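Asks: Handing you this structure, nothing more for now.
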Amino acid sequence: MKKVLVFGVFDGLHEGHRALFGQAKKQGDHLVVSVAQDEVVKQLKGEFPRLSMDERIGLLNDEPLVDSAVPGDLALGTYSAIEQHHPEVVLLGYDQKALGEDLVLTAKQRGWDVRIVIAEPHEPERYHNSILNKN
């Protein structure tokens, strides 16, 4: 079984997320979604997510393409989901450039055999939480 891992906040799901999950499933058989902890979201975005991590995991577990949703790291850059699930592929959103740069360095340092792929955007001017949450 080929595992694919994605990282994100997922503060409410939209078609852009579903497109990301579809792209992830094309990369492998089993999709694991690592959901950012509330405190990490605050650190990254300056505010807490609207939905708690448990609520966000619940939404993801209801998504047909998601095989498992797991809590993310308590501290940035620890990548416990990679250590625990050993994915062959990590699919990053088109807007996760800083994460991708850090992940490439960390994978090299830790000797992980993981392919990092950047997803194609799906109508980013329409489906992005920063736009949807303004309403």
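All of the numbers you see were taken from the coordinates with simple rules; none came from a lab. These figures come from a predicted structure and were not determined experimentally. Positions of Cβ are generated from backbone atoms using ideal geometry, with glycine treated the same way; all protein chains shown enter the neighbour counts.
Asks: Out of everything in region 3-55 that is in a strand (DSSP E or B) and over 12 Å from the mean Cα position of the chain (by Cα), what residue ends up being nearest to R115 (Cα to Cα)? Walk me through it before giving the result.
Replies: Initially, region 3-55 is screened for residues in a strand (DSSP E or B), giving 3-8, 30-35.
Now restrict to residues that are over 12 Å from the mean Cα position of the chain (by Cα): 3, 30.
Details: K3: 11, H30: 15 Å.
Looking at residues that are in a strand (DSSP E or B) and over 12 Å from the mean Cα position of the chain (by Cα), I get K3.
Asks: So, one more: Just to verify a result, which residue in region 63-113, among those that are touching a residue at least 60 places away in the same chain (Cβ under 8 Å) and assigned to a loop (DSSP other than H, G, I, E, B), is surrounded by the fewest Cβ atoms within 10 Å (Cβ to Cβ)?
Replies: Initial filter on region 63-113 (touching a residue at least 60 places away in the same chain (Cβ under 8 Å)): 72, 81-82, 85-93, 96, 99.
Then drop every residue that is not assigned to a loop (DSSP other than H, G, I, E, B), which leaves 72, 86-88, 93, 96.
Values: G72: 25, H86: 13, P87: 24, E88: 16, G93: 22, Q96: 18.
Here the answer is H86.
Asks: Can you confirm whether G58 is more than 18 Å from K3 (Cα to Cα) and not in a loop (DSSP other than H, G, I, E, B)? Explain how you work it out, then say what you get.
Replies: Numbers: more than 18 Å from K3 (Cα to Cα): yes; not in a loop (DSSP other than H, G, I, E, B): yes.
Answer is yes for this residue.
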